[in-house]
């Protein structure tokens with residue numbers, strides 16, 4: 001099995017190294033990842049400047065290819081230029097921090113997996129809800145490996161994407177895998193308003209993974225309860241329900257004619 | 001009607017100015033937009049540095065509030081700090097360039113509307129398929145106004161989001177409004193491989209809005225045919241079909257136990 005491994009924390013991040021070690025026995029792993037951290041870039045694609053592929057060595061060992069672009073750029077370049085014939089599966093991670101709820105929408109880790117899925121490859125995004133409570137990346141990577149093995153055993157179809165989140169506790173305390181849906185409410189966030197030394201206001205966002213809503217069966221609640229959350233994602237955002245509703249609305253004829261009628 | 005207007009091209013962009021002029025008669029418009037261009041930032045949120053709100057004047061006239069953050073930051077700050085009581089609707093645009101197909105996933109324009117929808121407000125993202133063929137932003141803004149008026153007449157519900165794309169032709173030639181779904185295939189993209197003056201390779205992405213697939217009823221085909229495309233979007237990416245399928249998979253017991261069994 002040919003595995004393309006990428007991330008958004010950059011090629012030198014401990015998460016991708018740990019995950020690479022743990023999945024080494026599942027197939028031939030090629031690492032193509034951003035040169036530097038790209039967290040929070042969302043699904044960005046680089047048109048404005050050229051991309052370079054750099055062979056990266058660490059402690060005299062070749063570890064993979066670094067790209068001066070986003071996680072999605074890495075997936076594109078890997079498939080078009082580096083892995084001729086393409087990978088059998090694309091894995092993105094291990095991200096430091098859960099990618100649940102609406103955070104999915106601005107996660108570079110998930111964006112890489114989405115890019116792969118759109119290009120027709122099965123893909124898995126893997127994130128670890130690292131915290132002060134628990135931060136053993138190697139333990140989390142072993143858990144990730146077992147989940148990935150389960151997935152590949154069942155043959156994930158082309159263009160399918162699973163978003164895996166590993167809870168913040170030792171693997172021995174994890175309660176198993178839970179298939180979940182994306183938590184679709186806003187998280188409780190506020191701005192702290194402060195004054196700078198010149199007496200001018202500034203605002204700092206205090207983000208949380210907490211919400212006034214609580215819903216069983218969602219990614220966030222599963223991770224908080226100590227389950228490994230697996231959420232199947234699709235990249236077609238069309239709202240079919242609203243689609244049917246607005247079809248019946250009066251949209252007028254061409255905009256120009258309506259504009260004329262008014263004047 | 002209280003309207004929050006934002007964009008991702010920045011507060012000085014011609015698109016937001018033109019759209020503001022054209023929707024002025026629909027309600028009280030408050031502009032809160034990024035200080036500088038944020039195209040392609042996707043749905044990024046600023047945690048790493050504080051945000052400032054700046055009153056922006058142009059030709060001695062107050063035009064709105066500039067924020068040193070992303071479009072989604074602007075929506076959050078506007079709702080929490082600037083527009084007490086909140087807006088009745090959030091409009092993001094007018095973006096220079098269509099936001100169709102998978103481009104939706106990395107559009108800052110759409111991200112602002114998604115952020116608003118998640119926070120419980122009705123929202124509209126509006127983009128103009130500007131091209132060498134046709135680039136009259138004022139004409140496109142008038143079309144946008146009429147579409148927005150149609151939407152507000154029908155009372156878009158809380159948390160609903162419509163993605164509007166205006167085709168690249170004079171309004172007099174537009175064929176009307178078409179309700180569409182997101183085009184969910186990849187666009188035809190390639191890398192041009194070049195050599196730099198030192199003989200080293202570099203790669204430049206050649207992106208297009210073209211695909212080997214063609215599907216009637218999608219946002220991209222509607223815009224290409226001269227229709228104004230209106231796509232209802234949802235921000236819950238859960239794939240319900242795949243959800244049901246993978247529920248039946250064998251996920252083992254806790255990862256740790258399975259790990260032990262092997263060794």
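Summary of computed values
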read-out: Search result, residues across region A:227-249 that are touching a helix residue (DSSP H, G or I) at 6+ places or on another chain (Cβ under 6 Å) and more than 9 Å from every other protein chain (Cβ to nearest Cβ); value: A:229
read-out: Residues of region A:39-66 classified as over 18 Å from the mean Cα position of the chain (by Cα) and either closer than 20 Å to residue A:124 by Cβ or at pLDDT 90 or above (or both), total; value: 16
read-out: Failed criterion for residue B:127 (all others in (1) surrounded by fewer than 24 Cβ atoms within 10 Å (Cβ to Cβ); (2) free of Cβ contacts under 8 Å to residues at least 60 places away in the same chain hold); value: (1)
read-out: Top-ranked residue in region A:76-91 [being crowded, with 22+ Cβ neighbours inside 10 Å and either facing chain B (nearest Cβ under 9 Å) or modelled with pLDDT under 95 (or both); ranked as nearest to residue B:70 (Cα to Cα)]; value: A:76
read-out: Single unsatisfied condition, residue B:207 versus (1) more than 28 Å from residue A:250 (Cα to Cα); (2) more than 7 Å from chain A (Cβ to nearest Cβ); value: (2)
read-out: Residues (facing another protein chain (nearest Cβ under 9 Å) and within 19 Å of residue A:29 (Cβ to Cβ)) located in region A:150-160; value: A:150, A:151, A:153, A:156
read-out: Residues (in a loop (DSSP other than H, G, I, E, B) and exposed (fewer than 13 other Cβ atoms within 10 Å of the Cβ)) located in region A:181-216; value: A:196, A:197, A:198, A:199, A:200, A:208, A:210, A:212, A:214, A:216
read-out: So residue A:138, is it part of a helix (DSSP H, G or I), in contact (Cβ under 8 Å) with a residue 12 or more places away in the chain and touching a helix residue (DSSP H, G or I) at 6+ places or on another chain (Cβ under 8 Å); value: yes
read-out: Matching residues in region A:162-183 - criterion: being farther than 23 Å from residue B:234 by Cβ and more than 7 Å from chain B (Cβ to nearest Cβ); value: A:166, A:167, A:168, A:169, A:170, A:173
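The values are calculated or read from the model by the stated rules, or taken from the named source; none is laboratory data. Because the structure is a prediction, the values reported are computed rather than measured. In this analysis, Cβ positions are derived from the backbone assuming ideal geometry, glycine residues included, and neighbour counts consider all displayed protein chains.
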